[in-house]
Each structure stands twice: as structure tokens, then as C-alpha cells.
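In what follows, a single structure is set out as C-alpha cells and then discussed.
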Amino acid sequence: MKIMQEEIPPRKGKRAQTDKVQCYEPATMKYLGYFPALTPDEVTEHVAQARKAQKIWAKSSFKQRRQISSRDTGKTMVDASLGEIMTTCEKITWLLDEGEKWLKPEYRSCGRSMLHKKAKVEFYPLGVIGAIVSWNYPFHNVFNPMLAAIFSGNAAVIKVSEHASWSGCFYFRIIQAALAAVGAPDNLVHIITGFAETGQALVSSVDKIIFVGSPGVGRMIMNRASDTLIPVTLELGGKDAFIVCEDVDLPSVVQVAVRAALQSSGQNCAGAERFYVHKDIYSTFVSQVVKIIKSISVGPPLSGRYDMGAICMIEHSEKLQNLVNDAVDKGAEIAGRGSFGHLGEDAVDQFFPPTVLVNVNHTMKIMQEEAFGPILPIMKFSSDEEVVKLANDSKYGLGCAVFSGNQKRAIKIASQLHCGVAAINDFASSYMCQSLPFGGVKDSGFGRFAGVEGLRACCLVKAVVEDRWWPYVKTMIPKPIQYPVSENGFEFQELLVETLYGLSVWDRLRSLVNLLKMISEQNNSPANTRKKSR
């Protein structure tokens, strides 16, 4: 961006211009010029351009990225010889040394100019972790945030959904017994019940909030959390893609597909909700899925006679039917449905038959909105490039499942999908590995449960630097840059930067010699300081 030199002196008492960012030298208020104050549309355009460039840069190798510290770049930085440049050079040095290790070690390199220091990252409990959890897995949704909180040294207060309060309080008795058995203090974990007002009070009272629910409520949680500026982890559901290439073992994949859609009556945030099947096997896949779906009966699970249970939320079955109706109105077809058992008149509205939809497309709500029910919309694709584009065409980004007889092909497809969890030739298997983080992007939320990432998200992350050989080697401010700064202080700083980051060994040695010479002269002439103006 080019700075303009139009002379616009400051005017005291006048309203500041909002279309120009005027620049002045602080010590003299000498006018330097101005930059334009960009409009929202201009900012959007800048971001759009950066996004295009990022898509290209994302494909670069680490070897290419480290070239940012090339000789030309390094020379420019060293020539600038500013105090800030030292910090920047240290950061680049560290990235080159440690970047490919992805910050795994607790003790980390201090860089060239900090050999006498030890650097480490420490993790401390945040305090009280609050969690507001959904109803669909009442046992897991209580235990998951509770374990992360107490394992990282925190207390936990968990508000269970009003739709799962009975089971949440039942599990609390199990939690209390387990905590007592290990000698944990009383009141370390609390289960609370209530409605929105209860949840709002919890967000305002804790040191971190974990929320499992819908995007709409998640936004309200963030808004409330902004009052106290506490960290937030959001898991807000998904619209996961289930991709089937033409080279799969079809009978086994069909069984996995049905399970992925119908588990917990489809009330699963990581359930499969969009099925993309290669055109060469589309008809066969649909016919095999429909055969299974038609054999499934729906009814009260405790009777032991039915394949699938109830819809938990009152009136949600009506929403599911509306999604089906919208798809049919736009050209989709119902290829098959399951059947109801002997439910009784009072229970009918709480059940929904598993339903297969074909001839679907992305104009239909069933391919865009989270259904949270036992519906299988199946769409065909022709190429890997097309299915990647289709799978990414969603406001959600929790997980995906990719099936192919060629594992490298499946991995390549999954790597291009914008989501937080991927299963290769399986469904949601990553969730069974609790050493892995779980979470999504976009309207699926942010932050992670489980794994190292989930534990550390419940911690205060503190960077600590200490002397490596204390008390024999300690930090000393060289005389040329002690206050009051000497006349050759800037020259000293320049030599220091060249000594540490010169482009060749000879440049560094030459600068080091001059640096030591300057220090020696400074020590021999303690009065050689800048004369203060009177």
C-alpha cells in the first residue's frame, strides 16, 4: 500500500477524518502522509484476495515455506537493524528448527541469542470449567467434559439438557461415588438443571465454558462469554459427508452406511447425513440400502423387539417430515422407508421411520440443514474433484467418512475436505481413539475435546524462560545500550543483529570483532554517554 503525501496538518478541536489515516512523527508531529481508511467492501476484497492466495500457498511444502528466510529476505531484515527485527529473526530461527515438529516438546529451543536460557511451557488449571451439554448422549456428554476438567486440575459444573435431566442426575450419583473413592474433595463436580436462564448464569460464573448444542445457541453462549472474556469450546453438530467410490466392497460399506445414518435414531452430531455415491455403483448401492431400510422396524427399545428407538425431542419428527416433503417437492423420491411397530396412540409422534431419499441435490434443505434423524439422502457423483466440491458445500464441518478400495485415494479425498474429523474406510472410528482431538470448523464450532488438545484447552498455558547456568551466567545489559543510551548505541544494536543473523560466517565474525571492540572501548570510557541537552 502506497502512502500518500498530501499535506493535511492536524487540526485541534476538529472532528477527525474517517476516510484517511493520517500519519505523524510522534516526537515532532511532523506530517508524514496518509493511508486510505478502507471501507468494509474494500476489506472484504482484501480478504477474498488473501483467501485465493492461501489456497495456493496451502499446497506448498515446508521446504518452500522456509525460503521466507532466504538471503535476500534476511539481508533486508538485518539491514533494517531495528530492535524488533531481533525478535522476528528469533521467531524465524525457531520455526526453521522446530516447525516440522509441530511444537511437540515441552522444552523448546531458545534460539541463537538465548543459549544461556531454558524455555518451557507450563500448564496450570483454569479454575472452574462450565459445560452445557446436549441430550443425545447423556452419559457421554456429562463424563467427557467432566473428565477433561478434573484431569487438568479443575472443578466442573455441568448443566444438563432439560430433555435429559433425569439421566444426568442419575449419572451424577456414579460420579460422586467415583470421586469419593479416590479421595477427591466434596463439591469438585456439580450437575445443575434448568433452562436458558440457568445456562446464562453458568457462562457468567465460570473460567471456561464448553458447549454442545446448536449453532444458534452457540452464538448466544459466545456473546455471553464475551462479557467476562472467558475461553469457549463449541461443538455445534454437523452435516457429515459419507463418500463411496466405485471400487469398494459394496456389501460391507452398505452396512456401515446404514449404521452411520441410523445410530441413536440418527440423533448423532457425528452421524452421516449426506451420502455421495459414485455413479457407477449408485443404483446398486441404493437398492442394497433400501432392502435393509425396509426391514427395519421402529418402536420402544426396552421391549427388545425393534431395531430403532424414539426421537427424543417433542415435535422433531414433524421437522424431519418437513425436510422430506421439501426434498420431494423439489424433485427427490422416497426410495424406501422402515415400518412402525405396535406403538400405541400416545407414542406415535415420537417415532420416525428410517427413510431413503434419491435424486437429491443441494437446493434441498435435507442437504443443507442438520436433520438429526434417520434420513439417508443419496446423491451421485462422477469424479473425485466433484465429490470434494460437493462435500465442502456445507456450512458445517464436523466430520467425514471416505470409502475406496484404494486407501491412498480415500486419504487424498479426505485431506481436501474442510472438517475436523475424518475416517478412512470406516465411520467415526476416530472418536473411539480418545487420544485424538474431536471438534469441527464453520458452523460445527471450534476448539477440541479429548486428546492432548482437549486437556490443554482446560489449562492456562504459561511460557517460562529461566537461566540455564544460574547464578554463573546471568542476563546483563551491555553498556552501549544501558540508560542513558550511549552515542554509539544504535551502531552497537546494528552490529549485534549482524553478529547473530549475518548472511555468512565471515559477516558474523567481522561484526562480532567490531562488537567486542566497541564493548571494550565503552568499558574503558565510562563517561562516553550521550550528552543531555540542557
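Does K389 count as assigned to a strand (DSSP E or B) and either outside the structural domain of S295 (by the TED database) or surrounded by fewer than 24 Cβ atoms within 10 Å (Cβ to Cβ) (or both)? Taking the combined requirement at face value, the residue does not satisfy it.
Rundown of residues vs (1) over 25 Å from H362 (Cα atoms); (2) in the same structural domain as E162 (by the TED database); (3) open to solvent by 20 Å² or more (accessible area, probe 1.4 Å), yes/no style:
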| position | (1), (2), (3) |
| --- | --- |
| S297 | yes, no, yes |
| P301 | yes, no, yes |
| M308 | yes, no, no |
| C312 | yes, no, yes |
| Q321 | no, no, yes |
| G331 | no, no, yes |
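Of the residues in the range 120-140, none is in contact with a strand residue (DSSP E or B) (Cβ under 7 Å, 6 or more places away or on another chain), within 23 Å of A450 (Cα to Cα), modelled with pLDDT of 70 or more and assigned to a helix (DSSP H, G or I).
A single member of C459, C433 is among the hydrophobic types (A, V, I, L, M, F, W, C) and either at pLDDT 85 or above or in contact with a Phe, Trp or Tyr (Cβ under 9 Å, 6 or more places away or on another chain) (or both), and it is C459.
Filter the range 464-493 down to the residues that are open to solvent by less than 90 Å² (accessible area, probe 1.4 Å), of a type in the set (A, V, I, L, M, F, W, C) and not in a loop (DSSP other than H, G, I, E, B), then identify the one that is farthest from F143 (Cα to Cα). Top of the filtered list is F492. Residue pairs whose Cβ atoms lie under 7 Å apart, sitting 6 or more positions apart in sequence or on different chains, and linking a residue in the range 449-465 that is in contact (Cβ under 8 Å) with a residue 40 or more places away in the chain to a partner that is among the polar types (S, T, N, Q), are F449/N144; A450/Q434; L455/S152; A457/T233; C458/S152; C458/N154; C459/S152.
Could you name every one of the strands (runs of 3 or more DSSP E) located completely within the range 172-274 that has at least 1 residues being at negative phi and free of Cβ contacts under 8 Å to residues at least 40 places away in the same chain?
Values: elements: 189-192, 208-212, 232-235, 240-244.
It comes to 189-192.
A423 meets the conditions (1) buried (at least 16 other Cβ atoms within 10 Å of the Cβ); (2) not in a strand (DSSP E or B) in every case but one. The failed one is (2).
Only residues that are surrounded by 14 or more Cβ atoms within 10 Å (Cβ to Cβ) and either part of a loop (DSSP other than H, G, I, E, B) or among the hydrophobic types (A, V, I, L, M, F, W, C) (or both) were counted in the range 402-415, giving 7.
If you take the residues in the range 339-379 that are of a type in the set (S, T, N, Q) and either open to solvent by less than 30 Å² (accessible area, probe 1.4 Å) or part of a helix (DSSP H, G or I) (or both), which one is modelled with the highest pLDDT? By that ranking, first place goes to T355.
Let's see how each residue does on (1) under 30 Å from F403 (Cα atoms); (2) open to solvent by 20 Å² or more (accessible area, probe 1.4 Å):
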| site | (1), (2) |
| --- | --- |
| H190 | no, yes |
| E197 | no, yes |
| V203 | no, no |
| I209 | no, no |
| L229 | no, yes |
| V244 | yes, no |
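Among residues of the range 32-54 that are farther than 24 Å from T18 by Cα, none has a beta-carbon under 8 Å from a residue that is modelled with pLDDT of 80 or more and of a type outside the set (A, V, I, L, M) at least six positions away or on a different chain. Y282: open to solvent by 10 Å² or more (accessible area, probe 1.4 Å) and either aliphatic (A, V, I, L, M) or more than 25 Å from K365 (Cβ to Cβ) (or both), yes or no? No; evaluated as a whole, the condition is false for this residue.
The set of residues in the range 480-527 that are touching a Pro at 6+ places or on another chain (Cβ under 9 Å) and modelled with pLDDT under 75 contains only Q522. Taking the range 265-293 as the range and being at pLDDT below 95 and touching a strand residue (DSSP E or B) at 6+ places or on another chain (Cβ under 6 Å) as the test, the residues that pass are S265, A270. Among the residues examined, S382 qualifies as polar (S, T, N, Q), surrounded by fewer than 14 Cβ atoms within 10 Å (Cβ to Cβ) and out of contact with any helix residue (DSSP H, G or I) (no Cβ under 6 Å at 6 or more places or on another chain). Considering the range 159-171 alone, what residues qualify as being assigned to a loop (DSSP other than H, G, I, E, B) and either touching a residue at least 60 places away in the same chain (Cβ under 8 Å) or buried (at least 16 other Cβ atoms within 10 Å of the Cβ) (or both)? Across the range 159-171, the qualifying residues are V160, S161, H163, A164. The listed residues are S430, S435, and the only one of them that is open to solvent by 40 Å² or more (accessible area, probe 1.4 Å) and without any contact (Cβ under 8 Å) to a residue 60 or more places away in the chain turns out to be S435.
The values are calculated or read from the model by the stated rules, or taken from the named source; none is laboratory data. Everything numeric in this text was worked out from a predicted model, so none of it was measured. Backbone-built Cβ (ideal geometry, glycine too); neighbour counts: all protein chains shown. The accessibility values were calculated without ligands, DNA or RNA, using every heavy atom of the protein model including side chains. Shrake-Rupley method; radii C 1.70, N 1.55, O 1.52, S 1.80 Å.
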